[in-house]
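Structure first, then comments.
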Amino acid sequence: MAGPRVEVDGGVLEGGGQILRVSTALSCLLGVPLRVQKIRAGRSTPGLRPQHLSGLEMVQDLCDGQLDGAEIGSTEITFTPGKIRGGTHTADTKTAGSVCLLLQVSMPCVLFAASPSELRLRGGTNAEMAPQIDYTTMVFKPIVEKFGFKFNCDIKMRGYYPKGGGEVIVQMAPVKQLNPINLTDRGSVTKIHGRAFVAGVLPFKMAKDMAAAAVRCLRKEFRDLYVNIQPVQEPGDQAFGNGSGIIVTAETSTGCLLAGSSLGKRGVNADKVGIEAAEMLLANLRHGGAVDEHLQDQLIIFMALASGVSRIKTGPVTLHTKTAIHFAEQLAKAKFTVKKSEDEEDASKDAYIIECQGIGVTNPNL
């Protein structure tokens, strides 16, 4: 039965929506009642925004929980989780709030449901301040599935800032438990591929320019490698509103995937967007990590729940990752260590090993 309520300070470390996502997901999974105070206390618009609210409501729906204080601008919520249910769950940010962030909060929960789940997530698919859906499918999916589960992600409609209007359907079956992962050997880059897109009224030339600029930038570093970045015009019936952007992914000899991405903005030259994505990928590769800066924080919750010791090699540890570790330790009582990599080849690089003794959550329903 539910123990004492765990008190979470929503103003520490990252101090934003991520604290809510990690703490409510863990609360739901572990059956631990939660109070989060000082939500987004240091932000220019403190308290809950629409996208945070839709994430909270989704977790409440997933586990028939009781949620209090959940309204726009609120800086304190309490949450009492119930039993995690499978079936169809819908979440709609009603804005360009990210469907990828909705997936971050809901996926760990439904892995431990009693039956398969279908998550219908509505909002922005390629939005600022969040992973793009292409990152979710091209990088996050193949790597997170190493924990021993599979999911299907169907992009029905793409949505962009400021209107949103995108829809993604994610289907997954529950698991008995999660396997630990070891992502410490990066290997050498074997291929680089990507996707540069325009949607709505934006000219296809922008996609071609983004792709060409990214290819030029990457060719300087990887002279002999095949670099394939596809320019894409999103079909009108599969994209809501106008948007543009690019994602570039490097695949390595050991099966690691690292990426760089960027979104087009009004008044920003398409070349510049392409170069920004390429530079982000190159920076991720220079650190010598086996996962990129955006994947590191997304893996922490799964490492905490897995049965056994997980290890990942990363570049510099991000604030998001430190935040995820902090709350995984506080709520799940998982044990993490972060050490500079001692491998010879990393001597000149900024590489770290994050190790976690997972708590070995098992699904009581299976």
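The values are calculated or read from the model by the stated rules, or taken from the named source; none is laboratory data. Treat the numbers as computed from the prediction; the structure is a model and nothing was measured. Cβ atoms come from the backbone with ideal geometry, glycine included; neighbour counts cover every protein chain shown. The protein model used for the area step is the full one, side chains on, heavy atoms only, and it has no ligands, DNA or RNA in it. Shrake-Rupley method; radii C 1.70, N 1.55, O 1.52, S 1.80 Å.
Tabulated values for the structure
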| item | result |
| --- | --- |
| Cα gyration tensor of the range 69-214 - equivalent ellipsoid semi-axes, whole Å, descending | 29, 23, 14 |
| Per residue value of the accessible surface for the range 49-154 (all protein chains in place, 1.4 Å probe), Å² | 34 |
| The chain: relative contact order as a whole-number percent, Cα under 8 Å and 6+ apart | 14 |
| Sequence-separation-based contact order of the range 301-356, relative, with Cα cut under 8 Å and 6+ spacing, percent | 48 |
| Inter-label distance for ALA212 and LEU366, nm, one decimal - labels placed 7 Å from Cα along Cα-to-Cβ | 5.0 |
| Where labels lie 7 Å past Cα in the beta-carbon direction, separation of LYS163 and GLU221 in nm | 3.6 |
| Kirkwood-based Rg to Rh ratio, the chain, C-alpha trace | 0.96 |
| Contour excess over end-to-end distance, with Cα ends at THR90 and ARG43 and 0.36 nm allotted per residue | 14.1 nm |
| Highest-first arrangement of 338-346, 108-116, 64-72, where packing means the average Cβ count within 10 Å | 108-116, 64-72, 338-346 |
| Fraction of antiparallel bridges per DSSP, the chain only, in percent to nearest 5 | 70 |
| Stretchable slack from THR337 to ASN269, in nm (0.36 nm times residue separation minus alpha-carbon distance) | 20.3 nm |
| Amide proton proximity set for ASP92, modelled H, under 5 Å, gap of 5+ | ARG122 |
| Within the accessible area of the chain (1.4 Å probe), percent carbon and sulfur | 51 |
| Dipole-positive endmost among ALA211, GLY255, PHE240 within the range 204-286 (Cβ charges, Cα centre) | ALA211 |
| Euclidean distance of C-alpha centroids, the range 328-366 and the range 175-220, integer Å | 26 |
| For the range 214-360, accessible area per residue (1.4 Å probe, heavy atoms of protein chains only), Å² | 45 |
| Nearest-ten-degree value, helix 270-286 long axis tilted from longest Cα axis of the chain | 70 |
| Label-point gap, in nm, between ASP61 and SER115 - each point 7 angstrom along Cα→Cβ | 1.7 |
| Extended-chain gain in nm, criterion 0.36 nm per residue less alpha-carbon gap, ALA347 and VAL309 | 11.2 nm |
| Packing-based ranking, highest mean first, of 182-191, 303-312 given that Cβ atoms within 10 Å are counted | 303-312, 182-191 |
| Straight-distance crosslink candidates among lysines, where the alpha carbon sits under 16 Å from LYS313 and sequence neighbours closer than 8 are dropped | LYS146, LYS322, LYS339, LYS340, LYS349 |
| Among MET107, MET129, MET280: highest mean-square fluctuation, GNM of the chain, C-alpha pairs under 10 Å | MET129 |
| DSSP beta bridges in the range 81-208 [antiparallel fraction, %, rounded to 5] | 65 |
